[in-house]
Structures are given as C-alpha cells and as structure tokens.
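Presented below is the structure to which this report refers.
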Amino acid sequence: MKPIARGTLAAVVTGVAAAVGAAVATPAAAVPVPVPLRGAEQSLGTKLPEIGGEIPVPVTGEPQGPRHVRGRIVPERAVPQVPVSGGLPGLGMRTPLPHALDDGFDHLTVEAPAAGLHTLTPGLSPDAPLTPPHPRDAGSVGLPDLKVPRTDVVTPALQSTPAAELGLGPGR
C-alpha cells in the first residue's frame, strides 16, 4: 500500500472514531456542589446533615432549519425549534436521627440523582398574506392573490424521568 493511501486511510479511520466517540458521549454533565456544614457542626456541638447537590450543565443541539413548502411564500419553521439537553438538579442528603432513650443515632438518607432532561424550544411558522404568483393564470397576470395571514406556534416539548430514593438505617 502506498504511503498516500495509508495516510488517507488513517485520516478516515481517525474521523470515524472521533464521530463515534462524540455520538457515544453523554451530552449533559452534572457539576457536584457540596454544602460545607462541618464548621457549623463543630461550633454548635451537634451533628448536622451532610448535604450535596448536582447542578446540570445544559447543552444546545442543532436546530432543524426552515424548509420550503409548496404553496407558501415564507418557509415553514422560520423560527426553528432548538433542542436543549440538560438535566434536573440532583440532591444527596444524609441526616442523623438521635435516639430518644439513649445516646445512639440512626440516619435518614435522601438520594435524588440528576435526571436527564430533553427539551425543544417553541418554534414559529408564519405565513405571508399573499399566495405565490400564478404565472399561467391569464386573469391574474402573474400577480399573487391576497389571503388571510396565519402564524403557527410550534409547541415546546419536555421529556424527563426523575427518580428519588428514601432510606432509613442504623448508625450515623
């Protein structure tokens, strides 16, 4: 195999691997946010909950552009819908529950991980108050006719599957 062919083949394989890697990668990531309560726990002399959260980072996708429809002057979806992938914020909490009769502790946990969220922004599809010109119609001399203007609002979409887990157990 010639060196030029090998270089071309390597470039093609590298491009395919990069495209597959980008398609497999998750579009949204969550940034962990701890809530520091250790200092307050030491100064108050009591056990406080351990709290942490996750804040998702939204990522916009590629909108579908306008498309021409026969019989309309203005293209359909003049203001396209934009897909946005992100997530709902997550929460992790573990709090001590003191026993009423002795010095022991149990714990209560709440885990609500960041859930994926996929949305489409609203879109707009206006239509002009004129029809396309009629070049074959002898009566109109190729001029457009008047019609009632119309604007269609493309509704937004929202899709998510949140989950949470509540637990109770012995010990801190």
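Look at segment 22-43: where a residue is closer than 15 Å to V59 by Cβ and at pLDDT 80 or above and a partner is surrounded by 10 or more Cβ atoms within 10 Å (Cβ to Cβ) and among the hydrophobic types (A, V, I, L, M, F, W, C), sitting 6+ places away or on another chain with Cβ atoms under 6 Å, you get V31/I55. The C-beta contact set for segment 113-135 (first residue within 27 Å of L88 (Cβ to Cβ), second residue in a strand (DSSP E or B) and among the hydroxyl-bearing types (S, T, Y), distance under 6 angstrom, 6+ apart or interchain) comprises A115/S160; L117/S160; H118/S85. The listed residues are T46, T95, T109, and the only one of them that is at pLDDT below 85 and of a type in the set (S, T, N, Q) turns out to be T46. Residues satisfying the criterion are absent from segment 89-109 (criterion: over 30 Å from E165 (Cα atoms), in contact with a Lys or Arg (Cβ under 9 Å, 6 or more places away or on another chain), touching a residue at least 24 places away in the same chain (Cβ under 8 Å) and of a type outside the set (A, V, I, L, M, F, W, C)). Could you tell me whether E76 is on the phi < 0 side of the Ramachandran plot and more than 21 Å from the chain's Cα centre (by Cα)? It is true that E76 is on the phi < 0 side of the Ramachandran plot and more than 21 Å from the chain's Cα centre (by Cα).
The values are calculated or read from the model by the stated rules, or taken from the named source; none is laboratory data. Here the structure is a predicted model, which means the values were calculated and not measured. Here Cβ is always computed from backbone atoms with ideal geometry, including for glycine, and neighbour counts include all displayed protein chains.
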